[in-house]
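Take a look at the structure set out below.
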Amino acid sequence: MLQGTFALFHRALCVDFRLTRTHLFRFLFAVLILFCLMIAHSSSRVMGAAGLYLFSQIIYLNFMFILMAGISFFATAITEEKEEQTIGLLLMAGVNPISLLLGKSLPRLVSALILLSIQFPFTLLAITLGGVTFTQVLATYATLGAFLIGLSNLGLVCSVLCSRSRTASTLVLISLFMYFLGPPLLGWCIDGAVSENWVGANSLIVGGTKSFIELCYESSVLRQLSLILTSGFSESPWGFQFWTNLMAGVLFFLLASLCFNRFALTEVSTDPGRGLVSKKRNRIFSPGRAWMQALAWKDFYFVNGGLGMALIKHICYGVALFSLCAYISYTSRSYSLQEMGLTVFWTMLIVVLIEISLISSRIFHVEVQWKTLVSTAMLPQSMAQIAYAKVFGSMLAVIPAFFYLIIGGLLGIEEMTQDLGMVLAEPGFWLTCIEILFFWHLTALLSTFIKWGALPLAFVLMWVGNMVFFFSMSMVIMGGGGGPDVFEAVTILFTLFLSASIVGSHFMINERLTYLASQ
């Protein structure tokens with residue numbers, strides 16, 4: 001019985017372990033940690049508790065990697081079978097729902113846990129650098145492991161409930177926002193209601209809500225990691241967060257099993273979804289006639305939602321910004337119009353960066369996924385013209401965010417222009433801008449090679465590259481190889497290198513799309 005239940009799981013593991021890239025990725029991850037250990041050992045002479053600093057960097061890198069995996073890797077376990085319409089075939093072959101869920105989710109979870117386990121022997125070396133104890137190392141990896149199990153099963157539930165991978169990833173992202181930001185926001189609301197005498201301070205609802213918020217805080221992985229990474233930690237590695245995250249993983253798996261027959265057997269169209277684009281001829285949701293730039297029209301309406309999604313974004317951003325400014329104005333004694341403009345500007349700048357990052361991960365992936373590059377390449381245009389037309393159509397979807405960004409910039413322009421000249425003269429500012437552009441190009445390039453997870457993979461690669469760069473420069477400066485002038489010179493050279501890499505990525509994307517169109 002167990003052999004039949006775990007047959008799909010066994011096959012997926014065998015296929016994964018036979019792939020060279022799987023072992024190469026784990027080996028490179030271990031080499032990265034060893035490299036960081038060497039740097040920390042060299043800097044331990046001038047840095048107190050170098051082991052704790054190094055260990056914290058590695059742990060938070062793992063935390064970000066787990067978050068990215070939860071949004072993309074774990075959230076596509078069942079949806080990819082829905083999109084390929086193979087769930088029915090698997091069930092006809094005698095694979096029961098439990099076996100299917102185990103076979104699709106457990107191999108991914110085991111691969112991620114193995115990636116954590118291979119780091120454990122190397123991170124033990126951080127103990128010799130000072131500031132870290134064996135209890136801290138063990139508790140940290142127990143915390144990350146429990147969070148990984150809970151997040152993987154959360155992604156499994158979202159993958160069962162949703163019909164497409166993009167929707168499942170969005171649902172996981174919303175759930176994570178509620179997990180991390182929900183308790184503090186709820187606590188602020190309760191404190192505000194009590195201070196305004198809307199509810200009694202000792203009422204049953206307030207007491208129960210505060211108890212629930214405290215439990216959420218205690219089960220938070222971020223709170224547990226910050227507690228473990230403080231000096232003098234001596235508590236048990238198997239704390240409240242560990243058991244609650246494990247229980248959440250079990251409950252999520254049971255929920256996925258109960259919802260499988262209701263949601264996972266829903267038929268999914270083999271064509272790309274129309275989204276908010278209406279088939280009826282109305283002025284807002286209908287795409288109408290194609291533009292002169294037909295590919296830009298197609299991507300704006302059928303990939304990014306068109307005017308309907310733009311209108312929804314415009315309203316949602318406006319309501320969110322109004323609520324944020326109203327809350328800050330309510331909680332602070334003075335909140336000028338310029339400060340409000342700065343709040344809107346920096347908030348929408350983050351939103352713009354996230355939107356463009358998401359667009360870069362799917363702008364070419366949609367064509368690869370639905371195998372439309374062959375027919376698109378038959379148009380009387382070069383592949384470069386096709387790619388730039390798609391970029392233009394996708395960037396139109398960012399107009400609502402840019403609208404509020406400009407408004408915030410105009411309101412806070414006096415505050416922003418005071419130090420503008422000093423900021424523009426810093427090489428680090430231009431390096432940051434070029435790195436963001438390179439990140440978008442890298443994400444778009446990776447999306448043509450891998451099926452899912454181009455955005456988190458690009459994020460991890462950029463994180464590793466920045467860590468190696470700044471650690472190397474720190475070692476050069478501390479070793480007497482130069483001062484700030486040398487650092488600025490190397491920063492300028494690195495900026496020029498990334499600029500050349502951006503230009504090269506254009507040619508690489510063009511060659512990759514041309515190759516895929518010829519298959």
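None of the figures in this text is laboratory data; all of them are computed from the coordinates on show. Keep in mind the model is a prediction, meaning the values are calculated, not measured. Cβ: placed from backbone, ideal geometry, glycine included. Neighbour counts: every protein chain shown.
Quick notes on this one:
- Its Cα gyration tensor gives the stretch 61-177 an equivalent ellipsoid, and the semi-axes of that ellipsoid, as √(5λ) in whole Å with the largest first, are 33, 15, 10.
- Model label sites at Met292 and Asp485, defined 7 Å from Cα along the beta-carbon direction, differ in position by 5.4 nm.
- Helix-only [θ]222 nm of the chain, DSSP H runs n ≥ 4, -39500 (n - 2.57) each, per residue, nearest 500: -24500 deg cm²/dmol
- Efficiency of FRET from Cβ geometry, Met92 and Trp346, R₀ 51 Å, rounded to 0.05: 0.40
- Which labelled figure in (i) 35, 30, 23; (ii) 36, 27, 22; (iii) 35, 33, 30 is semi-axes √(5λ) of the Cα gyration tensor in Å, once derived from the coordinates: (iii)
- Förster radius 25 Å - calculated FRET efficiency between Thr135 and Tyr60 (Cβ-Cβ, nearest 0.05): 0.85
- Most to least packed among 439-448, 70-79, 309-318 [average Cβ atoms within 10 Å]: 70-79, 439-448, 309-318
- Phe35 versus Ala425: modelled label distance in nm, points set 7 Å from Cα along the beta carbon direction: 3.5 nm
- The fewest-to-most ranking of Arg108, Arg289 by surrounding Cβ atoms within 10 Å reads Arg289, Arg108.
- Global form of the stretch 345-434, assessed from the alpha-carbon gyration tensor, a/c cut-off 1.5: prolate
- Site pair Leu113 and Arg11 shows an inter-label distance of 2.2 nm when each label is modelled 7 Å from Cα along Cα→Cβ.
- Here's the picture: a label point sits 7 Å out from the Cα of Leu324 along the beta-carbon direction, and within the stretch 341-365 the residues with their amide nitrogen under 14 Å of it are 341-355.
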